[in-house]
1. Under 5 Å between amide H atoms, partner at least 5 residues away or on a different chain: which partners does Val66 have, H built in plane at 1.01 Å?
2. I'd like the distance between the alpha-carbon centres of region 92-111 and region 1-76, rounded to an integer number of Å.
3. Quick one: grab the alpha carbon gyration tensor of region 40-135, order the square roots of its eigenvalues as a ≥ b ≥ c, and give me rounded if a/c is under 1.5, else prolate or oblate depending on whether a/b is larger than b/c.
4. Count neighbours as other Cβ atoms within 10 Å of each site's Cβ, and list the chymotrypsin sites (Phe, Trp or Tyr not before Pro) in region 93-152 that are DSSP loop with at most 11 such neighbours.
5. Can you tell me how region 1-78 classifies by the Cα gyration tensor, rounded, prolate or oblate, using a/c under 1.5 as the rounded cut?
6. Along region 112-122, what does the Karplus equation 6.51 cos²θ - 1.76 cosθ + 1.60 (θ = phi - 60°) give for ³J(HN,Hα), rounded to whole Hz, x for Gly and Pro?
7. Give me the extension gain from Lys31 to Asn64: residue separation times 0.36 nm, minus the current Cα-Cα distance, reported in nm with one decimal.
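Where a number appears in this text, it was derived from the coordinates with a stated rule and is not lab data. Bear in mind the structure is a predicted one, so any value in this text is a computation, not a measurement. Neighbour counts run over all protein chains shown; Cβ positions are idealised from the backbone, glycine included.
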Amino acid sequence: MSDLKIADKAPQFELLNQDGVKISLKDFIGKKVILYFYPKDNTPGCTTQACEFTQNYEKFMDKNAVIIGISPDSIKSHGQFIEKFKLKHILLSDDEKEVAKNYGVWGVKKNYGKEYEGIIRSTFVIDEKGNIAKIYRNVRVKDHVLKVLEEL
């Protein structure tokens, strides 16, 4: 399903959060959902991105938006990441990478000339009815959170 487009119905999912609680996309009908996929907890770019979402958390809430981060990391890793950086938003564990594949963000990446499979940093804005309103692919962390907030 990597060919998602604006106005498409967002693929549904149910994953465990940092506390082991099942979270479904459908739980947030009536709110905007900022769904961001990131490669790994506690890495420089991912930490910057998560902390910037937390720094702007209230501004997103004021726009009726909930923030959800998804990576293949474990529930335990997410819990430690949240605690270490005092993150305010939800992190979900996609250890089977099924949701990442459904959103077309699991694929071949290159780093220092080596190819490997992983999460392609991406953000989806999902509207109150569950449709995709905006897609950001191959995200560069610098200024990304503010751009998403600005364009809500």
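1. Lys32, Val33, Ile34
2. Going from one Cα centre to the other spans 13 Å.
3. oblate
4. Loop-located and lightly packed - Tyr112.
5. rounded
6. Rounded to whole hertz, the list is 6, x, 9, 9, 7, 8, x, 6, 8, 3, 8.
7. Working: separation 33, 0.36 × 33 = 11.88 nm, distance 0.56 nm.
Extra length available between Lys31 and Asn64 comes to 11.3 nm.
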